[in-house]
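In what follows, a single structure is set out as structure tokens and then discussed.
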Amino acid sequence: MGEKVLMKGNEAIGEAAIRANCKGFFGYPITPQTEVSAYMAKKMPKIDRVFLQAESEVAAINMVYGAAGTGVRCMTSSSSPGISLKAEGVSYIAGAELPCVIIDIVRGGPGLGSIQPAQSDYHQVTKGLGHGDYNMPVFAPASIQEMVDLIMDAFDVADEYRNPVMVMGDGMLGQMMEPVEFKERELKEPVKPWAANGLAGRAEHNVINSLYLSPEALELHNIHLQKKFKAMKENLVRYELFNCDDDCDLIFVAYGTTARICKSVISYAAKDGIKLGLVRPISLWPFPVEAFDKTIAKTKHGYLSVEMSCGQMVDDVRAVVMGKKPVEFYGRSGGMIPEPMDIYDKVKEIMGGVK
Amino acid sequence: MAVVFDRPKALLDVSTHYCPGCTHGIIHRLVAEVIDELGIIDKTIGVAPVGCSVLAYNYFACDMFEAAHGRAPACATGIKRTNPDKVVFTYQGDGDLASIGTAEIVHAANRGENITTIFVNNCIYGMTGGQMAPTTLIGQVTETSPYGRDAKSTGYPIRIAEMLSTLEGATYIARVSVDTVPNVMKAKQAIKKAFQIQLEGKGFALVEVLSICPTNWGLSPLEAMDWLRANMIPYYSLGVKKDKTEEVK
């Protein structure tokens, strides 16, 4: 058992990666996640590991490509505009089947947007990021403790599937402080016979590559990748059901910081005799379809997706619910954080003017 | 019978996709001979670019990466930083290094990354069928400069070796040509030195190799060699542009 320490989210990200045996961190300064780089800059050289501030987000993700291709655990971290820039590199990493962890501490957009918390990267990160047919597991913690645990899991998942894995938090999670415990755990770091880390007597050279000039070969590669994504969909689904044991008037769908706000609304509403539940996706990809299978019969007025965006996850909720129950949306954007009472007003509006 | 000429061990026994007369074959061979002579094949990791030499990973026998367009120096940085005991080289063309990858090469050089870059300059985008490159000479006709490159609208051919020589972090920068046997020998010496500098932990080394593209220049290989001598060498002067290992002596 480790002891509990009070840590800022962004620093806890760095510490979690170090404990997961991350040997190389390549970053670029961008608010609101710059403290990740600062933490790694301080800690990594002291334990003979690599911290490097890249010249750009593009270079940082390609440094990850290089390091990951030699078989070492590595990570990069950024925020929304930087994640857009990394898209090319992430596609290459997925195509070449390299494991790595990418952190996205989301800020408002589009464009330069703002530096305040947001969840408006949902579409770009859950639909793969970058070109081509691929998917990337995306985990969305709602507390710093969960963020730390998910980052350590992310390294294992990345190695298991040889795929990039993202942990996405809104700017709030990066900036706030909470007590956190770094649990002792066994590293599931496999032997990597595919790594291009020098022949050292090996008969055949290893090649890290995503180019397949023959259409037949590329299709076979895609079929192979799709098998992996199917396995990920079966094995990596994570979610929390909160207050959904009995029938509900309405069920929230929310992740990260907004899920915490929804929990406050649930307790206010209970005092008024209104029974609200929460589906909290932890894996945004794969999207937790079964959470809806388990709750759809229990909700009278359907689902309300609450997001710090103009309505992104709600598309996945609608795709899963398939019109069997109403799906409503409430969101704030631009770095505005939904107020509990505003969410509650939306609930009452949906329920038909309950006063 | 005594074997007097053989394939270097660092090159695989495969046919290449290069056009007849292309000098990539010579340059591949020089790099491979250097790897053999230094006895480093077991610890060498190469990074291929996007461009004509994209398939170099199929030709070099050491472990290889294929990087995104222009990103080979960043990829090599990630490899070398986490594997400092390995020998890491990038092999890049002029579209890859001097256009889309300028940020990566400048900063790798400026950080003094302990890697070796072989930069093949043939004044044109070859793989995509002969478009204007940043290195295309003034007046040179390409698919995207059909009336000849005009400095007014497209600027000037970029001298990478000279530009990188201004950076404190760069240790060794040379420009060579493979148009004649003596120049091929000099090119090999420069490439060997660029690898030795890395082995000694002395930092960033780049060898710019002037190369021909008979196919996209629309010339025979012999005419292309003449064109290189008549047009490229006067603008892209040969020689060592920077050598910190000599300065300290």
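The values are calculated or read from the model by the stated rules, or taken from the named source; none is laboratory data. Quick caveat: nothing in here was measured; it's all calculated off a predicted structure. As a convention, Cβ positions derive from the backbone with ideal geometry for all residues, glycine included, and neighbour counts pool all protein chains shown.
Here A:Ala200 fits the description: within 14 Å of chain B (Cβ to nearest Cβ) and either in contact with a Lys or Arg (Cβ under 9 Å, 6 or more places away or on another chain) or of a type outside the set (Gly, Ala, Ser) (or both). When the residues of segment A:21-67 are filtered to those that are touching a strand residue (DSSP E or B) at 6+ places or on another chain (Cβ under 7 Å) and of a type in the set (Asp, Glu), the one that is farthest from A:Glu97 (Cα to Cα) is A:Glu35. For A:Pro81, are the conditions met, namely being over 22 Å from A:Gly128 (Cβ atoms), modelled with pLDDT of 95 or more, more than 7 Å from chain B (Cβ to nearest Cβ) and surrounded by fewer than 24 Cβ atoms within 10 Å (Cβ to Cβ)? So A:Pro81 does not fit the description; no.
Scanning segment B:152-199 for residues that are polar (S, T, N, Q) and part of a helix (DSSP H, G or I), which turns out surrounded by the most Cβ atoms within 10 Å (Cβ to Cβ)? Looking at the filtered set, the residue picked out is B:Gln198. Looking across segment B:16-61, the residues that are among the β-branched types (Val, Ile, Thr), within 12 Å of chain A (Cβ to nearest Cβ) and either over 12 Å from the mean Cα position of the chain (by Cα) or farther than 20 Å from B:Lys193 by Cβ (or both) come down to B:Ile35, B:Ile40, B:Ile41, B:Thr44, B:Ile45, B:Val50, B:Val54. Could we say that B:Ile105 is in a helix (DSSP H, G or I), under 21 Å from A:Glu88 (Cβ atoms) and touching a residue at least 24 places away in the same chain (Cβ under 8 Å) here? Answer is yes for this residue. Of all the listed residues (A:Leu211, A:Leu241, A:Leu278), the sole one being over 29 Å from A:Lys298 (Cβ atoms), aliphatic (A, V, I, L, M) and surrounded by 14 or more Cβ atoms within 10 Å (Cβ to Cβ) is A:Leu211.
Of all residues in segment B:62-75 being more than 7 Å from chain A (Cβ to nearest Cβ) and part of a helix (DSSP H, G or I), which is surrounded by the fewest Cβ atoms within 10 Å (Cβ to Cβ)? Ranking the candidates gives B:Ala72 first.
One line per residue, one yes/no per condition, for (1) in contact with a helix residue (DSSP H, G or I) (Cβ under 8 Å, 6 or more places away or on another chain); (2) among the hydrophobic types (A, V, I, L, M, F, W, C):
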{"site": "A:Lys4", "(1), (2)": "no, no"}
{"site": "A:Cys22", "(1), (2)": "yes, yes"}
{"site": "A:Pro32", "(1), (2)": "yes, no"}
{"site": "A:Tyr39", "(1), (2)": "yes, no"}
{"site": "A:Leu52", "(1), (2)": "yes, yes"}
{"site": "A:Gly71", "(1), (2)": "no, no"}
{"site": "A:Ser78", "(1), (2)": "yes, no"}
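Restricting B:Gly93, B:Gly46, B:Gly78, B:Gly51 to those that are on the phi > 0 side of the Ramachandran plot and buried (at least 24 other Cβ atoms within 10 Å of the Cβ) reduces the list to B:Gly51. For segment A:26-78, which residues satisfy the criterion of being within 12 Å of another protein chain (Cβ to nearest Cβ) and among the charged types (D, E, K, R)? The answer is A:Asp48, A:Arg49, A:Glu55, A:Glu57, A:Arg73. Residues of segment A:288-301 that are part of a loop (DSSP other than H, G, I, E, B) and either surrounded by 20 or more Cβ atoms within 10 Å (Cβ to Cβ) or among the polar types (S, T, N, Q) (or both): A:Pro288 alone.
Within segment B:89-103, can one find any residue that is within 17 Å of A:Ile61 (Cα to Cα) and facing chain A (nearest Cβ under 8 Å)? Yes: one or more hits. It is to be established whether one or more residues within segment A:323-346 are crowded, with 22+ Cβ neighbours inside 10 Å and either among the hydrophobic types (A, V, I, L, M, F, W, C) or in a helix (DSSP H, G or I) (or both). Yes, because at least one residue in segment A:323-346 is crowded, with 22+ Cβ neighbours inside 10 Å and either among the hydrophobic types (A, V, I, L, M, F, W, C) or in a helix (DSSP H, G or I) (or both). Among residues that are farther than 23 Å from B:Lys193 by Cβ, more than 9 Å from chain A (Cβ to nearest Cβ) and assigned to a helix (DSSP H, G or I), B:Gly78 is not included. Is it the case, given these coordinates, that B:Val120 is away from chain A (no Cβ under 14 Å) and either closer than 25 Å to A:Ala60 by Cα or not in a helix (DSSP H, G or I) (or both)? Against the criterion (away from chain A (no Cβ under 14 Å) and either closer than 25 Å to A:Ala60 by Cα or not in a helix (DSSP H, G or I) (or both)), B:Val120 qualifies.
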